[in-house]
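Asks: Handing you this structure, nothing more for now.
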């Protein structure tokens, strides 16, 4: 068997040169062109393969660069967020400290104002007490009618108007019966203890609603007057309407 195969190969080798010698020049040229085209195709395929490989490497490099940039951007964003959170926390702490300081200052101011008001009230009470004592000691322009000397039947106000009854005068008028001025109605008329009073003189601007007042009859003037215990020295002439 081996001898037979060797004989076949030997015959082919002997016949090959003979076959090659039998090809025409045109066939040889075509065969050369074919080999050249095959070589060119192989070269182009190899070049295309290298280009594709290079493109894949470049794409891979770009992807890696983009991922690195994204990670760097994420790290930068995270760092910025941390810094912002730290600043906000610091600002909140500063605002709390300022709020505490302002609250402390406000409380201190309120305590100071309260002490000042308390001292002012005490001083005002002392002044009013002293003024009342001065009034009761007999200061003022007009003499006061006491219950023993006041008799409505003997009074005829020369300024006109009605007369206050004995019992009403005894219970609600005179220095022992003072009151506040919250009863004023209008510019020249007010009501007190069931009587309406009018006055033609201007109401003193320094007389306040929180002052203490009383109404007194003056025998010398034969008239009724309104007196401010907190501002002695001036009496407002009154006319009793009814």
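Asks: Give me the mean projected area, in nm² to one decimal, of the convex hull enclosing the Cα positions of the stretch 47-119.
Replies: Mean shadow area of the hull around the Cα atoms is 5.3 nm².
Asks: How do 209, 228 line up, fewest other C-beta atoms within 10 Å first?
Replies: Listing 209, 228 from fewest to most nearby Cβ atoms yields 209, 228.
Asks: So what are the stretch 142-240's ellipsoid semi-axes, whole angstrom, largest first, if each one is the square root of 5 times an eigenvalue of the alpha-carbon gyration tensor?
Replies: Taking √(5λ) for each Cα gyration eigenvalue gives 20, 14, 13 Å.
We did not get these values from a lab; they are worked out from the coordinates using the rules stated. Remember, predicted model here, so these are calculated numbers, not experimental data. Counting neighbours? That spans all protein chains shown, and the Cβs are built from the backbone with ideal geometry, glycine included.
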